[in-house]
Amino acid sequence: MTIGETVTIDRTGLDRLVDVLGEHGYRVIGPQVRDGAIILDELDSGAALPDGWGVRTEPGRYRLYRRDDEAVFSHSAGPGSWKEFLQPPHRKLAQLDADLNSEAVQEIPVPTAFLGVRGCDLAAIAVLGRVLGGVDTAFAARSKELFIIAVNCTEPGGVCFCASMGTGPGVSSGYDLALTERLDDTGHRFLVDAGTDAGTRIIAELVTEPASDAEISAARTDVAAAAGRMGRSMPDVDVREVIRRSRESPHWEDVASRCFACANCTMVCPTCFCTTTEDVTDLTGAHAERWERWASCFELDFSYLHGGSVRQSGESRYRQWLSHKLGTWYDQFGSSGCVGCGRCIAWCPAGIDLTVELARLAELAEAGDDDHR
Ligand code: SF4
Ligand code: SF4
C-alpha cells in the first residue's frame, strides 16, 4: 500500500490492527463503554471497542443506546478527549525533601496510538499543538510519539456542529491512517487510507483487499451526507465581530443566571488547555511535591491577582470563556478555539449551548446597531 491508496479491512482486521500496533510498541488508546458513556482509554484488544453502541445527545443530556447493527464508530464524542493523554489532568512535576534536595520528574513518553480520532478532534489536537507545542516540552515529547488513526464520521450527534466550523465530518490530513466504516448487506468493513509512511508500514502487516472505485465513492457520499445531519451549527455570522461588539451585552447576565460556574465545559473541551500548579507536603513536613493540574477560567482562583479575583461574577467568567474561545483565540493562535465537537453542550448540567448563546449575542448586537441608526 502507498500513501493515497485505499484498501479495505474487515472487522477482524480492525482487531488485528490493534494487535499490530501493540507489537510495534504502541500503547493503543481507543473508545470503549464504561460507566454509561463511551470513554477513551487503553485498549487491550479490539474486542473492547464499542461494537453496536450509539449515543443520543442534546443540551445537558448524553445517553448510550444499543444500535441494531454492530457499528464500531457510530457514536459521537463522549466526555473524554485526546487531550487527557497529551496534557494529563494531573501530573507530578517535581519533589523536594527536608534537606532541600529537589528532583524534577523526568517523563519518558510512551509511543501512543490514538484509534478513532474524528475530524473535530483531529482539529483539536492541531489546536493544542499550536498552543502548547512550542512552550510545553512534555506535551511536545508526547505528541512526537503519536500514531493517529482517524475516522471519517458518518454518524454525527445531536450536539455536533463540526461542519459549520470547517473541521469535519471528513478528515483530510494530520493522520497516519484514516478509516471509513461501512456496514450493509455485503458486510462490515473499513476503508483505510494511509497518510504517512508509518501508516503504510502498519497496514502492510494486515490482510487487506483493494477498495473498488464504487466503494470509495459510496464512502465519500456517506461522509458528505453526514455534514447535512449535524444537530446544530454555529450561526453564519462574523463570530469574532459579534464577540467584539458584545463586551457590554446584557446577555452575559442572562447566561450567568443559568450557569453554575461548574467548569464542566472547560474540562470536557478538547482545546481548553489551562493548568495551574499546586505544592503539597506530607504530614511530617519532610517531603513536598509540585503537581500540575487542569484549571478552568470558571474557577474564582483562576483570575486571582494580588488582593482578589478580577473576575468575581459568573457573568464575567462565562464572557471570558466564550470571548477567548470564539474571539481572541484567533489573535493568539490563528484559529478558533472551538472545533464544534459539542461536548460542552451535552455535558453542561444547565444545558447551555454556545451556538444558541452566540446567536442571541448576534441578534442583540444587530438590534443595538438598529437603535443607533
Ligand atoms: S456553561 Fe454549563 S458547564 Fe460551563 S460552567 Fe456554566 S453550567 Fe458549568
Ligand atoms: S467549545 Fe464546546 S463545542 Fe467547541 S471545542 Fe470546546 S467543547 Fe467542543
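What is the Å³ per residue value for the convex hull set by the Cα atoms of the stretch 182-244?
Numbers: hull volume 10.4 nm³, N = 63.
Considering the Cα atoms of the stretch 182-244, their hull volume per residue is 165 Å³.
Distances between every pair of Cα atoms in the stretch 79-148, grouped in 5 Å steps from 0 to the bin holding the largest one, split as 3, 14, 24, 23, 15, 8, 6, 4, 2, 1, 0 percent. With unit charges on the beta carbon (Lys/Arg positive, Asp/Glu negative), name the residue among LEU183, THR167, THR137 whose Cα is farthest towards the positive pole of the charge dipole of the stretch 135-191. Selected residue: THR137.
Amide H contacts of GLY342: PHE161, each under 5 Å away and 5 or more positions distant or on a separate chain (H built 1.01 Å from N in the peptide plane; Pro and chain starts excluded). For the chain, a crude dipole built from +1 on the beta carbon of Lys and Arg and -1 on the beta carbon of Asp and Glu, taken about the Cα centre, is about 720 debye to the nearest 20.
Sorted by packing (mean other beta-carbon atoms within 10 Å per residue), highest first, where do 100-106, 117-123, 70-76 land?
Values: 100-106: 9.1, 117-123: 26.9, 70-76: 21.4.
My ranking of the peptides, most packed first, is 117-123, 70-76, 100-106.
Over all distinct Cα-Cα pairs of the chain, the Kirkwood formula returns a hydrodynamic radius of 22.2 Å. Entry for the stretch 138-230 at q = 0.15, 0.16 Å⁻¹: log10 I(q)/I(0) = -0.68, -0.76, Debye formula applied to identical alpha-carbon scatterers, no solvent contribution. Considering only alpha-carbon pairs that sit under 8 angstrom and 6 or more positions apart, the relative contact order computed for the stretch 104-183 is 38 percent. Toward the positive end of the charge dipole of the chain, with +1 on the Cβ of Lys and Arg and -1 on the Cβ of Asp and Glu, the farthest Cα among SER45, CYS272, LEU86 is that of CYS272. Here the translational diffusion coefficient of the stretch 202-292 follows from Stokes-Einstein with Rh set to the Kirkwood radius across Cα pairs; for 25 °C and 0.890 mPa s it amounts to 121 µm²/s. Computed on the stretch 224-373, the Cα convex hull volume stands at 168 Å³ per residue.
Where does each of TRP291, TRP53 land when they are ranked from fewest to most other beta-carbon atoms within 10 angstrom?
Values: TRP291 17, TRP53 20.
Starting with the residue having the fewest Cβ neighbours, the order is TRP291, TRP53.
In units of the rule-of-thumb radius 2.2 N^0.38 Å, the stretch 49-184 shows an alpha carbon radius of gyration of 1.28.
Between ALA77, ALA198, ALA261, the residue with the greatest mean-square fluctuation in the GNM of the chain (Cα pairs under 10 Å linked by springs) is ALA198.
The HN-Hα couplings worked out from phi for the stretch 233-248 by the Karplus form 6.51 cos²θ - 1.76 cosθ + 1.60 (θ = phi - 60°) are 8, 6, x, 7, 9, 7, 4, 4, 5, 4, 4, 4, 7, 9, 3, 9 Hz, whole numbers, x standing for Gly and Pro. Take every pair of alpha-carbon atoms less than 8 Å apart whose residues are at least six positions apart; their mean separation over the length of the stretch 26-111 yields a relative contact order of 23 percent. Scalar couplings 3J(HN,Hα) for the stretch 155-166, obtained by applying the Karplus form with A = 6.51, B = -1.76, C = 1.60 to θ = phi - 60°, are 9, x, x, x, 10, 6, 8, 5, 4, 7, 9, x Hz; x denotes Gly and Pro. Among LEU14, ALA150, VAL239, whose Cα projects farthest towards the positive end of the dipole of the chain, with charges put on the beta-carbon of Lys, Arg (+1) and Asp, Glu (-1)? Positive-most Cα among the choices belongs to VAL239. For the chain, adding -39500 (n - 2.57) for each run of n ≥ 4 DSSP H residues and dividing by the number of residues yields -9000 deg cm²/dmol at 222 nm.
Only Cα sites of the stretch 1-43 enter the Debye sum here, all with the same form factor; the resulting log10 I(q)/I(0) across q = 0.14, 0.19 1/Å is -0.46, -0.75, listed in q order. When each of ASP69, ASP193, ASP15 is scored by the number of other beta-carbon atoms lying within 10 Å, the sequence from fewest to most is ASP69, ASP15, ASP193.
Charge dipole of the stretch 302-371 (Cα centre as origin; +1 on each Lys and Arg Cβ, -1 on each Asp and Glu Cβ, all else neutral): 560 debye, rounded to the nearest 20.
For the options ARG16, ARG201, ARG311, a Gaussian network treatment of the chain with springs between C-alpha atoms closer than 10 Å singles out ARG201 as fluctuating the most. Taking a cut-off of 14 Å, what percent of all Cα-Cα pairs in the stretch 282-346 are separated by more than that? Of all Cα-Cα distances in the stretch 282-346, 71 percent exceed 14 Å. The C-alpha atoms of the stretch 28-124 occupy a region whose extents along the principal axes are 63, 31, 26 Å, arranged from largest to smallest. Given +1 at the Cβ of Lys and Arg, -1 at the Cβ of Asp and Glu and no other charges, the dipole of the stretch 130-287 around its Cα centre is 480 debye to the nearest 20.
Counting only other residues whose beta carbon sits under 10 Å from that of ALA194, what net charge do I get with K and R as +1, D and E as -1? The answer is -3.
Since every read-out is calculated from the coordinates, none of them should be taken as a lab result. Everything numeric here is computed off the predicted structure, so don't read it as measured data. A quick note on method: Cβ atoms are made from the backbone with ideal geometry, for glycine too, and the neighbour counts reach across all protein chains shown.
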